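Notes to accompany the following structure.
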Amino acid sequence: MDAQEAFLKQEVESASPAKLRFLLLQKAHGLSIVVQDLWKQKKFDEADQWVIRIQDIVTELLAGVVDPTHELAQITSDLYIFMSKLIAAVAIERDAEALHNVAEILEIEMETWSMFVRKEMIESQGSARVPTAYDDDGSSSYSFSA
């Protein structure tokens, strides 16, 4: 196991549920960009495999919504179901607009969970400085390679 794999393993094993959601969203968003690049290179079979992985991640996120009676949980479930339908269009029709919409939704979700994780870290560590998930230039300081 190389240093990056060891870091990632430790990161996942010690992450809060919110941080795990953030990491899954980050991975799915990164894969959506990979799929776009593979389509440009006409590597459709390889792209199709990553689309399936994105769908798996969204399914995992949906499964993590534990209280379907709660209004926010219902809204979140509906969003993930909507994304699943968009991903189906991506998979079946290689619909670039649907993929773009999935990427945008994932980015918004990722930003939302990043803020929640940061708040969670601040609350658990008191007033100590907590790094943000995004650097000043907007790039992610958390990384998951696709």
Qualifying residue in the range 16-30 (condition: modelled with pLDDT of 95 or more and over 20 Å from Glu104 (Cβ atoms))
no
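Residue-wise test of (1) on the phi > 0 side of the Ramachandran plot; (2) exposed (fewer than 13 other Cβ atoms within 10 Å of the Cβ); (3) of a type outside the set (Lys, Arg); (4) in contact with a strand residue (DSSP E or B) (Cβ under 8 Å, 6 or more places away or on another chain).
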site	(1), (2), (3), (4)
Asp45	no, yes, yes, no
Arg53	no, no, no, no
Ile57	no, no, yes, no
Val66	no, yes, yes, no
Leu79	no, no, yes, no
Leu86	no, no, yes, no
I'm trying to understand the selection: among the residues of the range 90-120, which are among the polar types (S, T, N, Q) and under 25 Å from Ser16 (Cα atoms)?
Thr112, Ser114
I'd like the full set of residues that are within 14 Å of Phe44 (Cα to Cα) and among the β-branched types (Val, Ile, Thr), limited to the range 66-99.
Val90, Ile92
Residue set Glu5, Glu11; condition among the acidic types (Asp, Glu) and without any contact (Cβ under 8 Å) to a residue 12 or more places away in the chain; output residue Glu5
Do we find a residue being at pLDDT below 95, surrounded by 15 or more Cβ atoms within 10 Å (Cβ to Cβ) and not in a helix (DSSP H, G or I) anywhere in the range 112-119?
no
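Conditions (1) among the hydrophobic types (A, V, I, L, M, F, W, C); (2) farther than 26 Å from Val117 by Cα, marked per residue:
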site	(1), (2)
Trp39	yes, yes
Lys42	no, yes
Leu62	yes, no
Ile75	yes, no
Ile87	yes, yes
Arg94	no, yes
From (1) surrounded by 11 or more Cβ atoms within 10 Å (Cβ to Cβ); (2) over 28 Å from Lys43 (Cα atoms); (3) at pLDDT below 55, pick out the condition that doesn't hold for Ala146.
(2)
Residues being touching a residue at least 24 places away in the same chain (Cβ under 8 Å) and part of a helix (DSSP H, G or I): count how many of those fall in the range 54-65.
7
Might you check whether a residue that is touching a residue at least 24 places away in the same chain (Cβ under 8 Å) and outside any helix (DSSP H, G or I) occurs anywhere in the range 66-88?
no
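The values are calculated or read from the model by the stated rules, or taken from the named source; none is laboratory data. Note that this is a predicted model, so its numbers are computed, not measured. When we count neighbours, we look across all protein chains shown, and the Cβ atoms used for this are built from the backbone with ideal geometry, even at glycine.
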